[in-house]
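**Q** Mind having a look at this structure? Questions to follow.
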Amino acid sequence: MKRKMKFEHPGIIIKELIFDEKGLSITDAAELLGVTRTALSNVANGKADLSVDMSLRMEYVFGGTAEFWQRMQAAYNVEQARPHIAKLKLKRYKPKLKKSLPVKETKSRDRKVKVA
């Protein structure tokens, strides 16, 4: 089943939730997060992945959870990688069956267990 809606880079959501709704500039938000303006700008513009460290900083400063941001980043990364993997034409691994054993050798032995 193919997904119809594409995953957005987390930076797009960061732009909407932090810069647009809160009215912060990249410089102001970077200062609050304790990161460089360049680092935050790269994430916000989809040029860099949202790191675990940055996710934790966002959780602490703006609320929400780091797990939310990381799930969003992981979903985006998987979607971006799918076309490349599809081109590799990989085949699913199918283990070879070993020679089957006779039925009587595969039955478990009856053991008496003492019940206290």
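**Q** For the stretch 80-116, enumerate the residues that are of a type in the set (S, T, N, Q) and modelled with pLDDT under 65.
**A** Hits for the stretch 80-116 are 106, 108.
**Q** Just checking, which of 37, 71, 57 is surrounded by fewer than 16 Cβ atoms within 10 Å (Cβ to Cβ), of a type outside the set (A, V, I, L, M, F, W, C) and in contact with a helix residue (DSSP H, G or I) (Cβ under 7 Å, 6 or more places away or on another chain)?
**A** On inspection, the qualifying residue turns out to be 37.
**Q** Taking the stretch 9-34, which residues are among the charged types (D, E, K, R) and crowded, with 16+ Cβ neighbours inside 10 Å? Reasoning before the result, please.
**A** Step one: filter the stretch 9-34 for residues among the charged types (D, E, K, R), giving 15-16, 20-22, 28, 31.
Residue satisfying the conditions is 15 alone.
The values are calculated or read from the model by the stated rules, or taken from the named source; none is laboratory data. Because the structure is predicted, anything quoted here is derived from the model rather than measured. Neighbour counts are summed over all protein chains in view; Cβ atoms, including those assigned to glycine, are modelled from backbone coordinates with ideal geometry.
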